Amino acid sequence: MKKFKYTAVNLQRKKVTGIFLAEDEQELAMRLAEQNLYLVKAKQITQTTASTFFSTTGKVSANELATFCRQFAIMFNTGISIVDSLEILKNQSYSGLLKKTLEFLHEDVKAGQLLSQALEKHKKIFPRFLLSMIYVGEISGALDKILITLADYFETDASIKKKTKSAMIYPVILIFMAIGIIVLMVAFIIPTFMEALGSLDVEMPPLTIALYNTSVWFRTNWKMLFLVIFAIVMLFMLWKRTASGKVAWDGFKFKAPIIGKVVKSLVTARFARAFGLLIDGGLDVIDAMETSKIVLGNKYVEKKFEQAINDVKQGLSITEALDGYKIFPPLIIQMISVGEKSGSLAEVLIRSCSFFDNQAEVTISSMTTIIQPIILAIIGGSVGVLFYAIYSPLLQVMENIGV
C-alpha cells in the first residue's frame, strides 16, 4: 500500500485535503468516490519513520511509555476515536522522538491503517512487547483494557529500574571513595613520609618498603597505567557489545553470588507479568513465550528461554520446559504447573505479578544491605594497612629515642 496526499472536492464543491492509503491513484479515486469525494490531484508520500528522521535507534523511556499508554487509555475509554486521541497526544509534552513518532502514527491511522500496523513501522523505537500487546488488543476488541495493562506494566518496570539505580548509587560512591583514598595515600602521603624518614637510621618494615616501591612505580608510570586501564575498559565495552559478549556478561551477572539474586528476581518479575498479560490477551502459548523473551532483559536467560520454547514446540509442557533450564525460581515453576493443570495459567500469573515485583524490590534492598558493609570493610582494611605501613617506622623511631 502506498500513501497519498490528495486534494478532492465534495458534492458542495468544497475542497478537501487529506492522506489516504491505496495501491495507486485509480484505487484512491475509487475509495474517495465511495465517500462522495472526487479526486482533483494526488501525490505519493515517501514513507518515513521517526527513527530515520532523528537518525537514531533509541527507544522511548518506560516512564514516557507509561504516561502515553495511560493517557491513551483514558481518552479511548471516554469514547474518543484512535485518530482523535493521537491528534491530542502528539501535542503533549513528550520528548522530541516520541512527539515526532506520534505525528507519523496519526498520519498513518488517519490514512486507514490499523494502530498495530502503524506502530510496526517504528519497532526500533517501541518495545516489541508493546507492539504485540496492541495487536492483541485490536484483534480481541479489548484495546482499552490492553492500554491500561500496558500503563501498569511500564509504570512498575520503571519503578523497579529506578529503585535498582538508586540502590547502587551509594555502593558506587563508596567504591570511588576507596579508590581515591588509596591513590591519594600511595601517590602523595607515603612518599612524603619516606622522605622524612630517609635521614633517620631506622629499619623499614617489608610492608612499608613494598608500599614505597609501589608508590615510586605508580608516580613514574601513572600515564602508562592510565592508558592500560583505559584500553582494557574500551576493549571490555566493545566485547560486551558483541553477541557472545552479551551472553557471557549477562551469564556472569545471572550466576554471581549477590548480584545474581537481584537479576533473577527482576527477570522473574518481568516474565510473570508479560507472559500472563499476553496469555490473558488471547495469544497462544508459543507466541506469548516468544514475545515474553524480549522483555527478560538478559541475553543469557533469553538464550536458555529460546531452548525452552523449542522444547514446548516439540510437545513438552511449559512447566517441564522451564524447569529443565533452571532460569526461574521453583516457586514460579510451581505456579505455572498449577495454572496449566487448572486451565487458568493467565489468571495465576497475573495474580502473582505483585508478589514477584515485591520480591524484586526486597532483593534489591537486601543486596545494598549486604554490599555496603563489605565495601566499608574493604575501605577500612585498606586504610588500616596503609596507616600501619606508614606509622610503624615512626613508632620504632620513638622507641629508639625513648619517647
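The values are calculated or read from the model by the stated rules, or taken from the named source; none is laboratory data. Because the structure is predicted, anything quoted here is derived from the model rather than measured. A quick note on method: Cβ atoms are made from the backbone with ideal geometry, for glycine too, and the neighbour counts reach across all protein chains shown. The accessibility values were calculated without ligands, DNA or RNA, using every heavy atom of the protein model including side chains. Shrake-Rupley method; radii C 1.70, N 1.55, O 1.52, S 1.80 Å.
Conditions: (1) open to solvent by 20 Å² or more (accessible area, probe 1.4 Å); (2) closer than 30 Å to residue 142 by Cα; (3) not hydrophobic (A, V, I, L, M, F, W, C). Residue 292 meets all but one. Number of the miss?
Of everything listed in (1) open to solvent by 20 Å² or more (accessible area, probe 1.4 Å); (2) closer than 30 Å to residue 142 by Cα; (3) not hydrophobic (A, V, I, L, M, F, W, C), residue 292 misses just condition (1).
Could you go through segment 129-149 and let me know if any residue there is more than 24 Å from residue 374 (Cα to Cα), touching a His at 6+ places or on another chain (Cβ under 9 Å) and either assigned to a helix (DSSP H, G or I) or open to solvent by less than 30 Å² (accessible area, probe 1.4 Å) (or both). Before you say what the answer is, go through the steps one by one.
Within segment 129-149, the subset more than 24 Å from residue 374 (Cα to Cα) is 129-149.
Keeping just the survivors that are touching a His at 6+ places or on another chain (Cβ under 9 Å) gives 131.
When the remaining residues are screened for being either assigned to a helix (DSSP H, G or I) or open to solvent by less than 30 Å² (accessible area, probe 1.4 Å) (or both), the result is 131.
Yes, the conditions are met somewhere in segment 129-149.
Every residue in segment 285-321 that is in contact with a Phe, Trp or Tyr (Cβ under 6 Å, 6 or more places away or on another chain), over 23 Å from residue 126 (Cα atoms) and hydrophobic (A, V, I, L, M, F, W, C), please.
The one that is in contact with a Phe, Trp or Tyr (Cβ under 6 Å, 6 or more places away or on another chain), over 23 Å from residue 126 (Cα atoms) and hydrophobic (A, V, I, L, M, F, W, C): 308.
So for segment 86-93 (the condition being surrounded by 19 or more Cβ atoms within 10 Å (Cβ to Cβ), free of Cβ contacts under 8 Å to residues at least 40 places away in the same chain and farther than 24 Å from residue 280 by Cβ), does at least one residue qualify? Lay out the reasoning, then the answer.
If we filter segment 86-93 for residues that are surrounded by 19 or more Cβ atoms within 10 Å (Cβ to Cβ), which is where we start, we get 86, 89.
With free of Cβ contacts under 8 Å to residues at least 40 places away in the same chain added as a condition, the list becomes 86, 89.
If we keep only those that are farther than 24 Å from residue 280 by Cβ too, we end up with 86, 89.
Yes, segment 86-93 contains at least one residue that is surrounded by 19 or more Cβ atoms within 10 Å (Cβ to Cβ), free of Cβ contacts under 8 Å to residues at least 40 places away in the same chain and farther than 24 Å from residue 280 by Cβ.
Quick check on my filter: what residues within segment 350-361 are surrounded by 18 or more Cβ atoms within 10 Å (Cβ to Cβ) and under 17 Å from residue 279 (Cβ atoms)?
Answer for segment 350-361, where residues must be surrounded by 18 or more Cβ atoms within 10 Å (Cβ to Cβ) and under 17 Å from residue 279 (Cβ atoms): 350, 352, 353, 356.
Return the residues of segment 149-176 that are free of Cβ contacts under 8 Å to residues at least 12 places away in the same chain, aliphatic (A, V, I, L, M) and either within 17 Å of residue 363 (Cα to Cα) or touching a strand residue (DSSP E or B) at 6+ places or on another chain (Cβ under 8 Å) (or both); say none if nothing qualifies.
Listed by number, the list holds a single entry, 169.
Kindly provide the set of residues from segment 259-284 that are open to solvent by 20 Å² or more (accessible area, probe 1.4 Å) and either touching a His at 6+ places or on another chain (Cβ under 9 Å) or without any contact (Cβ under 8 Å) to a residue 40 or more places away in the chain (or both), ordered by number.
263, 284
I'm told residue 119 meets every condition in (1) buried (at least 16 other Cβ atoms within 10 Å of the Cβ); (2) more than 18 Å from residue 294 (Cα to Cα); (3) more than 18 Å from the chain's Cα centre (by Cα) except one. Can you identify the failing condition by its number?
All conditions pass for residue 119, except number (2).
Residue-by-condition table, conditions (1) open to solvent by 20 Å² or more (accessible area, probe 1.4 Å); (2) polar (S, T, N, Q); (3) modelled with pLDDT of 80 or more:
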site	(1), (2), (3)
9	yes, no, no
14	yes, no, no
21	no, no, no
34	yes, no, no
52	yes, yes, no
55	yes, yes, no
64	yes, no, yes
72	no, no, yes
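Keeping to segment 89-101, report how many residues are in a helix (DSSP H, G or I) and either more than 16 Å from residue 147 (Cα to Cα) or in contact with a strand residue (DSSP E or B) (Cβ under 8 Å, 6 or more places away or on another chain) (or both).
So in segment 89-101, the residues in a helix (DSSP H, G or I) come out as 89, 96-101.
After this cut, where a residue has to be either more than 16 Å from residue 147 (Cα to Cα) or in contact with a strand residue (DSSP E or B) (Cβ under 8 Å, 6 or more places away or on another chain) (or both) as well, the list is 96-101.
So the count comes out to 6.
Could you pull out every one of the helices (runs of 4 or more DSSP H) wholly within segment 175-258 that has 3 or more residues that are open to solvent by 80 Å² or more (accessible area, probe 1.4 Å) and either of a type in the set (Lys, Arg) or more than 25 Å from residue 396 (Cα to Cα) (or both)? Don't jump to the end; show me each part of the working.
Values: elements: 190-197, 206-241, 243-255.
By residue number, 206-241, 243-255.
Inspect segment 355-365 for any residue being of a type in the set (Phe, Trp, Tyr), under 23 Å from residue 158 (Cα atoms) and touching a residue at least 12 places away in the same chain (Cβ under 8 Å) and give the result as yes or no. Let's see the steps before the verdict.
The first filter runs over segment 355-365 and keeps only residues of a type in the set (Phe, Trp, Tyr), leaving 355-356.
Add one more test, that the residue is under 23 Å from residue 158 (Cα atoms), and what stays is 355-356.
Those still in the list that are touching a residue at least 12 places away in the same chain (Cβ under 8 Å) too: 356.
Checking segment 355-365: at least one residue is of a type in the set (Phe, Trp, Tyr), under 23 Å from residue 158 (Cα atoms) and touching a residue at least 12 places away in the same chain (Cβ under 8 Å).
Which condition from (1) open to solvent by less than 30 Å² (accessible area, probe 1.4 Å); (2) part of a helix (DSSP H, G or I) is the one that residue 125 breaks?
In the conditions (1) open to solvent by less than 30 Å² (accessible area, probe 1.4 Å); (2) part of a helix (DSSP H, G or I), residue 125 misses (2) alone.
Contact list please: Cβ distance under 9 Å, first residue in segment 127-141 and in contact (Cβ under 8 Å) with a residue 40 or more places away in the chain and closer than 23 Å to residue 297 by Cβ, second residue open to solvent by 50 Å² or more (accessible area, probe 1.4 Å) and not in a helix (DSSP H, G or I), pairs at least six apart or on different chains.
Going by the 9 Å Cβ cut-off, the qualifying pairs are 127/59; 136/282.
Quick test for you: out of 306, 320, 347, 302, pick the one residue that is open to solvent by less than 70 Å² (accessible area, probe 1.4 Å) and either of a type in the set (D, E, K, R) or touching a Leu at 6+ places or on another chain (Cβ under 8 Å) (or both). Walk me through it before giving the result.
Numbers: 306 fails: open to solvent by less than 70 Å² (accessible area, probe 1.4 Å); 320 fails: open to solvent by less than 70 Å² (accessible area, probe 1.4 Å); 347 fails: open to solvent by less than 70 Å² (accessible area, probe 1.4 Å).
Just one listed residue meets the conditions, 302.
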